[in-house]
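Rule-based calculations on the coordinates, nothing more; no lab input. Note that the structure is predicted; figures quoted are calculated from it, not measured. All Cβ positions, glycine included, derive from the backbone under ideal geometry; neighbour counts span all protein chains shown.
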Amino acid sequence: MNGASLDLFKRLNEEMHSQDSKHKRSFRLVNTELDQPELVLRVRQNMVQFEVMDQTCRDNGLTRMPFKVNDVSINGPYLLSILRSAADFYWQLRHSSNKKGSLAGKVLLECLELERSGSLLDDLTHPHIPKTGGKNLIESNTITIEDARGDELDSRRYGYRITNKSDYAFCVALFYFDMSDLSIGNG
C-alpha cells in the first residue's frame with residue numbers, strides 16, 4: 001500500500017470513529033474480499049478502480065465501475081466524497097422498514113415493455129400501452145433489461161403499473177438504483 005492509500009484509509013478510520021461525523025453508517029473496512037464487501041477499491045498504476053461485488057451485478061457482467069479516479073484525487077476530498085456517496089447509496093439500497101404494515105401484499109408493482117397503440121391523441125401522438133403478451137420484468141425484486149444499443153439507440157419504452165388493493169389512496173413517486181455508477185435516479 002502506498003503512502004497516499006494509507007493516508008486515505010487513516011482518514012476513513014478517523015471519520016468512522018468521529019463522534020460528530022454525519023456519516024456514521026458510511027464505512028466498514030475489511031481485510032479481504034472474503035469479508036464480503038459491497039465495493040472494492042483498488043489502487044493500480046496510479047489509478048483508483050472500483051469493483052462491484054454485488055452478486056446480481058456480477059452475474060450480469062457488471063464487475064467494475066465504468067470510471068476511474070486519477071491518483072491526484074486520492075489525497076484530496078474528492079475520493080472521500082465518492083466513498084461517502086457510495087456508502088449512502090448502499091445504505092439506501094439495503095434499507096427497509098422490516099415491518100409488515102397495512103400495505104404489505106396489497107400493492108403490486110409491475111414493469112412492462114410498452115408499444116405504440118394504433119390510436120392518436122389530440123396532439124397527434126401515439127400513446128404507449130403494455131406490449132401484447134408482455135410479462136412483468138420485475139423478478140426477485142430486480143428489473144433486468146437487456147442492452148439493445150443496436151436497436152435504434154434502444155427505442156424501447158417501459159412503463160410501470162401499480163395495483164393498489166388496499167383501502168388507502170396514495171400518490172406515487174418512483175426512483176431506481178443504478179449499480180453501474182451508484183446513482184439514484186427518477187427518470
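Once both labels are modelled 7 Å past Cα along the beta-carbon direction, what's the ASN164-LEU39 spacing in nm?
So the label points at ASN164 and LEU39 sit 3.5 nm apart.
On full extension of the chain, what length is gained from CYS57 through LEU93, given 0.36 nm per residue of separation minus the C-alpha to C-alpha distance?
Full extension from CYS57 to LEU93 adds 11.6 nm.
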